[in-house]
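Any read-out appearing in this document is the output of simple, stated calculations on the displayed coordinates, not a laboratory observation. Quick caveat, the model's predicted, so the values are computed rather than measured. Methodologically, a virtual Cβ is constructed for each residue, glycine included, from the backbone with ideal geometry; neighbour enumeration extends over all protein chains shown.
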Amino acid sequence: MVEKPDLRVAHLYAHFLNMYGDRGNIITLMQRARWRGIDVHVEAIGLDAEFSADEYDLFFVGGGQDKQQQVIAGDLRRLSKTLHQAINGGSVILSVCGGYQLLGDYYRPHSGEELKGISLVDAHTIAGTKRMIGNVVIERPAGGTLVGFENHSGRTFLGKGVEPLGRVTTGNGNNGEDGFEGVAQKVGKGAVYGTYLHGSLLPKNPDLADELISLAISRRHGNVQLTQLDDSLELAAHQTAVKFRA
Ligand code: GLN
């Protein structure tokens, strides 16, 4: 009998890093999986949590102000080995803004101590004097667009050969200089996604939500073909955002 797929999600620092309603990404992942009859279990992970590297298929970490990042940075480093093992073993992580910054080598805020990251991806972030705020549209390498909203002073620079999530057509993206936004990098058997797109990101970007669900489910269930949903509302919102931002 074919095992019914299920999805195990860890929402890292759910109560600390939830700037601009980034929790909407968790709601979207849950709903889009459940609409396909996939059982979803979401665990809100706080400080001092313990879990094994093979416990979750998908990790999500949202954005936050510098002070929230300072609160969780040390604890995230405590989980570094487990997260590296999890992603190399096939899990997927989606990170937004402040959470994204801490997956790199370091985040140097405008004031206060430099925060060492977990180097899950070859990148580093240095806060600038100008906050980058506003609507963003990016084009993905394989085609298609992503829309969202950015609000950050950190400027993220990807290491050589690290794949960005897309190319900026409206807004600033990673640093307002190199024309790229985010990261979408295979790591071992898994993948690391990072972005500055709040909004929250996934409700108006259903294709990316399904890309994450498919990748995460494949860790334990192999290639599961997701049934097509009626995304007319989501895509109408997406197109409105693209037109609005053009
Ligand atoms: N504090 C970080 C910055 O200002 C991240 C902000 C955020 O998560 N929106 O760049």
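Here the stretch 65-195 is assigned +1 on the Cβ of each Lys and Arg and -1 on the Cβ of each Asp and Glu. Its dipole about the Cα centre then comes out at about 260 debye. Mean silhouette area of the chain, derived from the convex hull of its C-alpha atoms and averaged over all directions, reads 12.4 nm².
Along the chain, counting only trypsin sites (Lys or Arg not before Pro) with a DSSP assignment other than H, G, I, E or B and at most 14 other Cβ atoms inside a 10 Å radius, the longest segment between sites is 1-159. The equivalent ellipsoid that matches the C-alpha gyration tensor of the stretch 1-75 spans semi-axes of 26, 15, 6 angstrom, in descending order. Stokes-Einstein diffusion for the stretch 195-246, with the hydrodynamic radius set to the Kirkwood value over Cα pairs and evaluated at 25 °C in a medium of 0.890 mPa s, equals 198 µm²/s. Test of understanding: given the chain, find the longest segment containing no GluC sites (Glu not before Pro) that are in a DSSP loop and have at most 16 other Cβ atoms within 10 Å. Looking at the chain, 178-246 is the longest stretch - no exposed GluC sites (Glu not before Pro) with at most 16 other Cβ atoms within 10 Å.
Beta bridges per DSSP, both residues in the chain: antiparallel share near 55 percent. Label sites at Lys81 and Asp122, each approximated as a point 7 angstrom past Cα along Cα to Cβ, lie 2.5 nm apart.
When DSSP beta bridges are restricted to pairs lying wholly in the stretch 74-201, around 80% turn out antiparallel. FRET efficiency for the pair Gln31 and Glu177, taken as 1/(1 + (r/R0)^6) with r the Cβ-Cβ distance and R0 = 45 Å, rounds to 0.80. Residues Thr227, Thr145, Thr28, ranked from the fewest to the most other C-beta atoms within 10 Å, line up as Thr227, Thr145, Thr28. Dipole magnitude for the chain: computed about the Cα centre from +1 point charges on Lys and Arg Cβ and -1 point charges on Asp and Glu Cβ, it is near 280 debye.
In the chain, helices alone account for a calculated mean residue ellipticity at 222 nm of -8500 deg cm²/dmol, with every DSSP H run of four or more residues adding -39,500 (n - 2.57). Note on Arg220 and Val71: with the Förster distance fixed at 25 Å, the Cβ-Cβ geometry gives a FRET efficiency of about 0.20.
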